[in-house]
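Inspection log for the structure reproduced underneath, given as structure tokens.
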Amino acid sequence: DEEIDAFKARHGITQSPVLAILPGSRRAEISRLGETFDAAFTQTKEAFKTVIVPTLPHLVEAVKAALPLKNIANCIVSGEGLSPEAAARERLVAMACADVALAASGTVSLELAVVRTPMVIAYDMNWLSRQIISRMLLSDTVTLVNLVSDTRVVPEFIGADCAPPPIANALIKTLQNPTAQLDALDRTMERLGRGGDAPGLRAARAVLARL
């Protein structure tokens, strides 16, 4: 893909496999998940040669503080200085560059589905929130791709399960065998359709239709 090749050249990305890390869209999330995500990456034992962190301009410093990403070629992609449309496109192409993504739970999984990037989902919260949410859940998965595709192929580590060793293991397994996920991503986009309403809204309708 010419757009991906141009992105890699622009950001000096020459080594693969590439891991995209998406630790959230709020400073509190990034602070809470950053250490776990960084440790999980470290425990992949050099399976990935480059890390891309797509984020927003006002979150760059929070990302740098939470994700040291030592001894690895990495780039933070915020789209700073670009128009909102161009910045959003730049972040989407960054996701498309990755062989696998480690992402916080949320609609970002649908953005990854759009560009067919296999993923591992992880999220944590404080103890009280864990207790409340565990009693509210109506499904055995919170990942939108799993819900929309009626599969459970996207690994997820939520609450007490959000720990570096199992996340790292899932990242390596996903890198080695992405086929089932790619099928689920295609099924997700087929069911949601492309264009029109925002992906999150289309996902909400699709999930509600299956409850």
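Annotations
- Residue ID - modelled with the highest pLDDT, chosen from residues in the stretch 58-109 that are of a type in the set (A, V, I, L, M) and in a loop (DSSP other than H, G, I, E, B): 98
- Extreme residue, surrounded by the fewest Cβ atoms within 10 Å (Cβ to Cβ), among residues of the stretch 1-18 that are touching a Lys or Arg at 6+ places or on another chain (Cβ under 9 Å) and not small (Gly, Ala, Ser): 14
- Filter result (more than 18 Å from residue 104 (Cα to Cα) and either of a type in the set (A, V, I, L, M) or in a helix (DSSP H, G or I) (or both)) within the stretch 4-26: 4, 5, 6, 7, 8, 9, 10, 11, 13
- Residue 5 being within 22 Å of residue 174 (Cβ to Cβ) and not hydrophobic (A, V, I, L, M, F, W, C): no
- Cross-chain or 6+ apart pairs with Cβ under 7 Å, the stretch 1-24 first and closer than 18 Å to residue 57 by Cβ, then among the acidic types (Asp, Glu) and surrounded by 12 or more Cβ atoms within 10 Å (Cβ to Cβ): 23/29
- Every condition in (1) among the aliphatic types (A, V, I, L, M); (2) more than 26 Å from residue 189 (Cβ to Cβ); (3) surrounded by fewer than 21 Cβ atoms within 10 Å (Cβ to Cβ) is met by residue 67 except one, and the failing one is (3).
- Residue tally, condition surrounded by fewer than 20 Cβ atoms within 10 Å (Cβ to Cβ) and on the phi > 0 side of the Ramachandran plot, over the stretch 70-81: 2
- Residues that are surrounded by 20 or more Cβ atoms within 10 Å (Cβ to Cβ) and either among the small types (Gly, Ala, Ser) or on the phi > 0 side of the Ramachandran plot (or both), drawn from the stretch 40-59: 40
- Condition met for residue 3 (out of contact with any strand residue (DSSP E or B) (no Cβ under 7 Å at 6 or more places or on another chain), acidic (Asp, Glu) and more than 14 Å from residue 95 (Cβ to Cβ)): no
- Residue selection: residue 116 satisfies the criterion of being touching a residue at least 12 places away in the same chain (Cβ under 8 Å), surrounded by fewer than 16 Cβ atoms within 10 Å (Cβ to Cβ) and at positive phi.
The values are calculated or read from the model by the stated rules, or taken from the named source; none is laboratory data. Since we're looking at a predicted model, the values are computed, not measured. Neighbour counts run over all protein chains shown; Cβ positions are idealised from the backbone, glycine included.
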